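Please treat every number below as a calculation from the coordinates, not as lab data. Worth saying up front: this structure is predicted, and the values here are computed from it rather than measured. As a convention, Cβ positions derive from the backbone with ideal geometry for all residues, glycine included, and neighbour counts pool all protein chains shown.
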Amino acid sequence: MTVRLPAEWEEQDGVLLAWPHEESDWLPWLPMVELVYAEIVKHISRFETALVVAADGERTGAILTAVGARMERVRLFEIPTNDTWSRDFGPITIERDGAPLLLDYGFNGWGLKFACDRDNLVTRRLRHGGAFGATPLETVGLILEGGSIESDGGGAILTTAECLLNPNRNPHLTREEIEATLGAQLGADRVLWLENGYLAGDDTDSHVDTLARLAPDDTIVHVRCDDAADEHYTPLFLMEKELKSFRTGEGKPYRLIPLPWPRPCYDEEGERLPATYANFLVINGAVLVPTYDDPADEAALAAIGQAFPGREIIGIDCHPLIIQHGSLHCVTMQIPKGVLP
């Protein structure tokens, strides 16, 4: 039996999102954040299908129509959710003997920090509602969030020790046992562990998709802090040293592309928010990149363009998303080719 976790830049059928609603923590900012979601869906629908989970499908459809989304590529499913972070409760799709298989991992609200009972059922409810056609689904007895792992499609998994080894996830498993599990379930033959790096205001215990991202041609795109007075300077410097020490399957160093550091963002109570350009989404023919109305936005778009030549690089203002401590990649989950009916 062969198992493989496709890279995000491989061909996709669609992208899953969960729409914000009045019973979520988005309530105080709902009109503003809905426009961000609508912009994301509009651009996804230019290239592929958008699967949108929403409490009120008719209302959500009207908003998407108004912003110019290609509604023939939008599929709405009325399913209840606690929140909107599809990256972490959506399905992780693997290939088993060349055929797609949806894995429904456990989601515990990033270590029992937040309610997640509804979110934990979304993937199964989508499957029962016909969203994935005949593609089989397996429920897995492991806590694993999509934002905590990066795959190159060739057997390498990039992750952080802070998240995967945190006792609030799978305390019964050692590092070696987690590696063996990733090998058996995702086809990983190499696990690249980052021991350093974090973002203030991040609720996920250092998800790798906020820090460093695998890209084609043995490339890693990563955040870098050049401000020696910033609390992130040393941890991210040490993370970059680790990235320089990593080797490909052929024993070569990775090509590293640093991302600029946006100016600090704070909420109304003065808490720092986790603004990061690493939280981009790769789709068919394009990359959707979070921007923050920041002087570094253009440099970030250019850097990501270096990693993904030939794709349209599209900036989307995600400043409203970081109010709830996430960004563009966090609210989306790609569905690889061969899954959707």
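Some points to look at:
- A straight line joining the Cα centroids of the range 39-106 and the range 171-185 runs 30 Å.
- The range 81-151 - share of DSSP beta bridges that are antiparallel (%, nearest 5): 50
- The value of relative contact order for the chain, using C-alpha pairs under 8 Å at least six residues apart, is 22 percent.
- Annotation: the range 3-336 has a Kirkwood hydrodynamic radius of 19.9 angstrom, from the mean reciprocal C-alpha pair distance.
- Springs join every pair of Cα atoms under 10 Å in this Gaussian network model of the chain, and among M71, M32, M239 the largest mean-square fluctuation is at M32.
- Packing rank of 144-152, 230-238, 264-272, where each peptide gets the mean count of other beta carbons within 10 Å, highest leading: 144-152, 230-238, 264-272
- In terms of the mean number of neighbouring beta-carbon atoms within 10 Å, the peptides 80-87, 99-106, 56-63 order highest first as 80-87, 99-106, 56-63.
- The sum of -39500 (n - 2.57) across all DSSP H runs of n ≥ 4, divided by the residue count of the chain, sets its helix-only mean residue ellipticity at 222 nm to -7000 deg cm²/dmol.
- Normalised by 2.2 N^0.38 Å, with N the number of residues, the alpha-carbon radius of gyration of the range 273-341 equals 1.15.
- Within-14-Å neighbourhood charge of F132 [Cβ basis; K, R +1; D, E -1]: +2
- The chain: antiparallel DSSP beta bridges as a percent of all, rounded to 5: 45
- Local electrostatic count, T49, Cβ distance below 10 Å [Lys/Arg +1, Asp/Glu -1]: 0
- Ranked packing of 297-309, 324-336, most packed first, by mean Cβ within 10 Å: 324-336, 297-309
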